[in-house]
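Asks: What follows is a single structure, and I will ask about it in a moment.
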């Protein structure tokens with residue numbers, strides 16, 4: 001339960017961090033450390049160099065500009081949870097964070113760290129997909145921007161290449177009401193099934209819908225067909241029934257000691273129904 | 001073996017340690033400073049026994065490296081306890097039988113310290129949320145919650161009594 005030896009650097013600029021990460025064969029960045037340090041302790045991760053991002057001031061902060069909310073990757077989960085700006089701009093992110101860990105893990109854990117770690121049962125990746133977030137990635141050659149839905153590839157796998165750092169998440173202003181629901185063994189645990197729902201209803205019509213499942217397979221799953229039905233037919237009780245019949249239950253592969261795949265398939269429709277209903281009746285401000 | 005010097009404020013006093021980068025903050029305060037009030041249960045962030053305060057916030061001492069504490073302020077249970085006798089939360093826990101083996105107690109006390117620092121009169125939900133990351137295998141949590149509620153009640157009475165003259 002003790003990490004294998006590694007070297008340690010704590011750069012103060014993104015440029016220096018990129019240089020360190022690019023200059024070592026198996027260097028790893030460390031953000032809040034709430035997932036990486038356990039992996040070090042179990043020796044599932046054995047980097048030769050740890051590049052600490054905690055001393056880079058430009059990586060943390062919450063800023064709204066021109067209708068886009070930019071959250072620095074190193075912004076603590078607790079800071080995002082306490083932010084009125086986030087609450088008004090993207091309440092779904094707050095709803096998701098309420099399910100992430102506990103006060104002590106949120107005091108260190110970061111928004112970007114959780115996304116870059118990409119645990120298939122983590123809440124934040126699903127929230128990012130449901131909010132149509134853009135992931136801003138820095139490399140020594142410059143920045144690139146990737147939609148959240150393309151950022152996450154599989155279990156603990158993203159498009160991030162060696163030598164790149166996730167620097168910020170950009171969120172458009174949330175349209176519609178939202179809800180984040182999950183079933184987990186204990187409060188604060190990863191979800192057995194998680195559902196992020198964002199539904200915009202205007203003049204009886206559903207103008208936008210996002211429904212994203214987590215914890216069921218290698219990465220978050222966007223329920224495109226169900227979203228399409230809600231947008232076509234409105235978020236009426238009848239349309240919701242039709243949409244629930246079109247959920248991608250065949251994508252469930254997660255089958256663990258905690259919950260079988262069959263159990264997860266049974267949970268999904270009911271959890272989705274509750275999330276859609278909560279999202280359509282919620283005011284945008286929490 | 002690479003070692004690093006790290007200087008930080010520990011329990012209100014400056015401390016400088018020479019540590020390996022792989023050493024966690026919880027291990028460092030126990031092994032280098034003999035402050036064994038910080039307990040290590042699971043060593044991977046699940047149990048909360050190693051809780052310490054970082055600039056007033058409760059954090060996991062086993063999920064932060066000692067080298068990361070450079071220039072920060074850390075408080076362990078030794079620093080959160082008065083030189084003699086018991087602190088307010090500790091006293092309430094004793095009166096409510098909120099411990100049996102005592103292994104989780106330092107973490108519980110510090111998790112509650114962090115809560116009371118910004119919420120003097122928390123309700124039961126806030127108390128349960130604050131200690132949700134701390135496992136106790138003896139008490140069933142009820143006496144711990146009762147102890148915390150009694151502190152909240154006392155704070156409410158004190159604040160209420162002060163209100164008319166203010």
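Values quoted throughout were computed directly from the atomic coordinates according to the rules given, and no laboratory measurement underlies them. Quantities reported herein were computed from a predicted structural model and do not represent experimental measurements. Counting neighbours? That spans all protein chains shown, and the Cβs are built from the backbone with ideal geometry, glycine included.
Asks: Plugging the Kirkwood radius over Cα pairs into Stokes-Einstein for region B:88-159, at a temperature of 10 °C and a viscosity of 1.306 mPa s, what D comes out in µm²/s?
Replies: Details: Rh = 11.8 Å.
Answer, rounded: 134 µm²/s.
Asks: Sticking with this structure for a sec: Across the residues of B:58-71, average count of Cβ atoms on other protein chains within 10 Å?
Replies: Other-chain Cβ atoms within 10 Å of each residue's Cβ, averaged: 6.
Asks: Additional query: In degrees from 0 to 90, rounded to the nearest 10, what is the angle of the helix B:105-118 Cα long axis to the longest principal axis of chain B?
Replies: Taking the Cα atoms of chain B, the angle to B:105-118 is about 70 degrees.
Asks: Based on the Cα gyration tensor of region A:177-281, what are the three equivalent ellipsoid semi-axes, each the root of five times an eigenvalue, rounded to whole Å and given largest first?
Replies: 25, 14, 10
Asks: Residue by residue through B:18-26, how many Cβ atoms from other chains fall within 10 Å of the Cβ on average?
Replies: For this peptide, the per-residue mean of nearby foreign Cβ atoms is 4.
Asks: Follow-up question, since we're still on this one. When the convex hull of the C-alpha atoms of region A:216-278 is computed, what volume per residue in Å³ does it have?
Replies: Details: hull volume 5.1 nm³, N = 63.
Spelled out: Cα convex hull of region A:216-278, divided by residues, is 81 Å³.
Asks: Also: Mind ranking B:73-79, A:255-261 by how tightly packed they are, going by the mean number of other C-beta atoms within 10 angstrom, highest first?
Replies: Ranked from most to least packed, the peptides come out as B:73-79, A:255-261.
Asks: Roughly how crowded by other chains is peptide A:93-104, in terms of the mean Cβ count from those chains within 10 Å of each of its Cβ atoms?
Replies: Taking all residues of A:93-104 together, the mean is 4.
Asks: Which percent of Cα pairs goes in each bin when the distances of region B:4-80 are cut into 5 angstrom slices starting at zero?
Replies: 3, 18, 32, 30, 14, 3
Asks: Can you tell me the relative contact order of region B:4-80? Whole percent, Cα pairs under 8 Å, sequence separation 6 or more.
Replies: It rounds to 40 percent for region B:4-80.
Asks: Pop a pseudo-label 7 angstrom from the Cα along the beta-carbon direction at both residue A:186 and residue A:277 and give the gap in nm to one decimal.
Replies: Computed distance between label sites residue A:186 and residue A:277 equals 3.0 nm.
Asks: Sorted by mean Cβ packing within 10 Å, highest first, what order do the peptides A:42-55, A:268-281, B:105-118 take?
Replies: B:105-118, A:268-281, A:42-55
Asks: Counting every Cα pair in region A:114-265, what percent are over 22 Å apart?
Replies: Result: 44 percent of Cα pairs exceed 22 Å.
Asks: Viscosity 0.890 mPa s, temperature 25 °C: Stokes-Einstein D of region A:1-127 from its Kirkwood Cα radius, in µm² per second?
Replies: 159
Asks: Roughly how tilted is helix A:261-281, in degrees to the nearest 10 and between 0 and 90, from the longest Cα axis of chain A?
Replies: It works out to around 70 degrees.
Asks: Which order do the peptides B:141-148, A:89-96, A:10-17 come out in when sorted by mean C-beta neighbours inside 10 angstrom, highest first?
Replies: Per-residue Cβ counts within 10 Å, averaged per peptide and sorted highest first, yield A:89-96, B:141-148, A:10-17.
Asks: State, as an integer percentage, the relative contact order of chain A based on alpha-carbon contacts under 8 Å between residues 6 or more apart.
Replies: 16
Asks: Based on the Kirkwood radius over alpha-carbon pairs, what value in µm²/s does the Stokes-Einstein equation return for the translational diffusion coefficient of region A:7-53 at 20 °C and 1.002 mPa s? Could you put the intermediate results ahead of the total?
Replies: Values: Rh = 10.8 Å.
My calculation gives 199 µm²/s for D.
Asks: Can you report the principal axis dimensions of chain B using only the alpha carbons, biggest first, rounded to whole angstrom?
Replies: So the extents along the principal axes, rounded to whole Å, are 60, 39, 28.
Asks: Quick one: compute the contact order of region A:60-172, relative version, from alpha carbon pairs under 8 angstrom and 6+ residues apart, as a percent. Please list the in-between numbers first.
Replies: Numbers: 206 pairs, mean separation 33.0, N = 113.
Reported as a whole number, the value is 29 percent.
Asks: Quickly work out the residue B:3-to-residue A:241 label distance, labels modelled 7 Å from Cα along the C-beta direction, and quote it in nm with one decimal.
Replies: Taking the two extended label points, one gets 7.3 nm.
Asks: I would also like to ask the following. So what's chain A giving for Rg/Rh, alpha carbon basis, Kirkwood Rh from the mean inverse pair distance?
Replies: With Rh from the inverse mean 1/r over Cα pairs, Rg/Rh is 0.98.
Asks: Can you give me the P(r) profile for region A:60-172? Cα pairs, bins 5 angstrom wide beginning at 0, each as a whole percent.
Replies: 2, 13, 25, 28, 19, 10, 3, 0
Asks: Separation between the residue A:249 and residue A:233 pseudo-spin-labels, each 7 Å from Cα along Cα→Cβ, expressed in nm?
Replies: 1.6
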